[in-house]
Amino acid sequence: MKRIFILSLIILITLSCIMSVNAEDDITVLINGVKAQFDVPPQIINSRTMVPMRMVFEMLGAKVEWVPEMQLALATYKTSIIAMRINEYSFSVTDVVTNAAKSIPLDVPAQIVNDRTLIPLRAVAEALGKNVEWQGETRTAIITD
């Protein structure tokens, strides 16, 4: 009986250590004060916060389309169309009213992780005219209008 108790205690301590390590690795994304819920968690890749595209764009008010044969993600936001191709180090933003287009360079390209398109949060949010703040101590990205 004593052996079972000690073994149970060791397992409990081990599990709580693992859970606290995972909690420290979690990245929180707040968009206009609302915590984003992701089916694939945000990740830091080459010092950039990468998040699932669809969830972030939709929370920002954009409509999202995926063109699988081209590995191209399209988002429509107000009068802008954002085109982002997997593994490319830039994306384009085109204003359909003025016909102005610009290419925005990326340090880390969009990529597919667990069947989700992960995008660099800051670059995309700023391209939509949003403010971005990173709180390193809490690992929280804050996006506001």
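The values are calculated or read from the model by the stated rules, or taken from the named source; none is laboratory data. Computed from a predicted structure; not experimentally measured. Neighbour counts are summed over all protein chains in view; Cβ atoms, including those assigned to glycine, are modelled from backbone coordinates with ideal geometry.
Things worth noting here:
- Scanning the stretch 81-88 turns up one or more residues that are touching a residue at least 40 places away in the same chain (Cβ under 8 Å) and either part of a helix (DSSP H, G or I) or under 15 Å from the mean Cα position of the chain (by Cα) (or both).
Listed here are the residues, each with its yes/no results for (1) surrounded by 17 or more Cβ atoms within 10 Å (Cβ to Cβ); (2) modelled with pLDDT of 95 or more.
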position: 71; (1), (2): no, yes
position: 84; (1), (2): yes, yes
position: 89; (1), (2): no, yes
position: 105; (1), (2): no, yes
position: 124; (1), (2): yes, no
position: 131; (1), (2): no, yes
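- In the stretch 44-58, the residue that is surrounded by the most Cβ atoms within 10 Å (Cβ to Cβ) out of those that are free of Cβ contacts under 8 Å to residues at least 60 places away in the same chain and in a helix (DSSP H, G or I) is 55.
- Which listed residue is in contact (Cβ under 8 Å) with a residue 40 or more places away in the chain and touching an Asp or Glu at 6+ places or on another chain (Cβ under 9 Å), from 120, 41: 120
- Among residues that are modelled with pLDDT of 95 or more, of a type in the set (A, V, I, L, M, F, W, C) and surrounded by 11 or more Cβ atoms within 10 Å (Cβ to Cβ), residue 112 is not included.
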